[in-house]
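Below is one structure, written out as structure tokens, with a few remarks after it.
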Amino acid sequence: MNFPNLLNPLLLVFSAWLLSNSLYADSKTELPLSAQAPSLYTGFEQLLDDDKTLVMEELIDLDSNIRRVALYHNGDRLHRQIPKQVHLMIENKLMHRVMKSGRFDVIQCIECRTTQVAMRADKLEISHAAESNQALRALAKHVRADAFIFWNASVHDDKFTINLRMVDGGNNQLLWLKEYSKKTTREQEEQGFDLASYEFTIGAWGIDGSRTNLATNSAEEVNGVTVFGLRRRETTSLDDSLEYTLAIEYFRNFSNTDLFNVSGINLEGRIIADIPSMDKLLDTKVYLGMGQAFYNDANSLVFRFGFEFPFFSDGFMDFGVTYLPESDARWDKKDGYEEVGKFGGSSYDLTLGVRF
């Protein structure tokens, strides 16, 4: 037996085994979350769930004759390395956002989803159902679509982008175009909260305050305070119909009387839930909040309940009730008046806010 001839292949196999184990060990090395790329599914999901994506107010000025629309994917999913399940998720969410608006009737266009891939002359050629303006008009007539919403998706350096174009099916006129993008890291993805935004609010509480006039033994009253606030709003991937906010608010009275000096801060958390049954009439949400208020040498819990309505594309309006249990409040010294009075009770809660 020739041992050198037998030893050479054994050494080769052993070397290959060492190399494969080394590569496997390297592949198992954990990278910091911030250094890992986010998943394609989550990245595009966050982009499409953002309230600023596909805002229907942007399409409100379109010709009212544009009613029936069909989605048309004009990108190359294979070339952009977007998996099929991600591709379908993007298309379904786009279709859902358009249907939810009530502005358009979305039709199913099987022909629009037909993509042919062929090898010709050593080149990969990709063709769609409509390769010319004339073919696109014929397709619109065939599926009875007033317009097509062309879309494609791409990702680069953790930046997820979706491009949309609406084209008239009768004359190929470009009616509307928009690009939406969002940069996401794996660290943000692993936090569990997909979307976060900040809001500035200004509002009013109709809460009453009182102090006694020692000469007449009657109570002087102040009605209402003005509230300024800053909120952080988050949505979770567990249920996109629920939102959560944490807020710090400053309130004080701006009445013309100098008998009262209400001023304090409120730290509040709240849950906001969508009301799907109201979507066709008005995108309405219900909120429930609880906070802790500190004011005039006193502190008390604050309970709030009401409804939230959209106000322009980045604005909203809250209308509900506020309840602050009545407690003793210390007022500025003034001759003829008690220094300690009452502040609290139930009242209206009216707030205007803008997201940024």
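The values are calculated or read from the model by the stated rules, or taken from the named source; none is laboratory data. Keep in mind that this is a model prediction, so the values were computed, not measured. Note: ideal-geometry Cβ built from the backbone for every residue, glycine included; neighbour counts use all protein chains shown.
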Exercise. How many residues are of a type in the set (D, E, K, R) and closer than 30 Å to GLU58 by Cα when one looks only at the stretch 304-348?
Worked result: 3
Exercise. Does any residue of the stretch 182-204 turn out to be closer than 30 Å to ALA147 by Cα and either modelled with pLDDT under 90 or in contact with a Cys (Cβ under 9 Å, 6 or more places away or on another chain) (or both)?
Worked result: yes
Exercise. Quick one: how many residues across the stretch 324-339 are in contact (Cβ under 8 Å) with a residue 24 or more places away in the chain and in a strand (DSSP E or B)?
Worked result: 7
Exercise. Just for the stretch 237-292: of the residues that are acidic (Asp, Glu) and surrounded by 13 or more Cβ atoms within 10 Å (Cβ to Cβ), which one is nearest to TRP331 (Cα to Cα)?
Worked result: GLU249
Problem set entry | Enumeration of residues in the stretch 50-61 that are part of a loop (DSSP other than H, G, I, E, B) and either in contact with a helix residue (DSSP H, G or I) (Cβ under 7 Å, 6 or more places away or on another chain) or surrounded by fewer than 17 Cβ atoms within 10 Å (Cβ to Cβ) (or both) | ASP50, LYS52, THR53, LEU54, ILE60, ASP61
Exercise. So, of the residues in the stretch 302-340 that are of a type in the set (Phe, Trp, Tyr) and within 28 Å of THR53 (Cβ to Cβ), which turns out to be surrounded by the fewest Cβ atoms within 10 Å (Cβ to Cβ)?
Worked result: PHE312
Seminar exercise, completed: Of the candidates ILE82, ILE66, ILE90, the one satisfying the condition of being surrounded by 15 or more Cβ atoms within 10 Å (Cβ to Cβ), assigned to a loop (DSSP other than H, G, I, E, B) and modelled with pLDDT of 75 or more is ILE66
Problem set entry | Selected residue (only one of ASP314, ASP274, ASP279, ASP283 is in contact with a helix residue (DSSP H, G or I) (Cβ under 7 Å, 6 or more places away or on another chain), of a type outside the set (Ser, Thr, Tyr) and under 30 Å from VAL98 (Cβ atoms)) | ASP279
Exercise. Taking strands (runs of 3 or more DSSP E) that fall entirely within the stretch 214-309, which contain at least 2 residues that are at pLDDT below 90?
Worked result: 218-236, 239-252
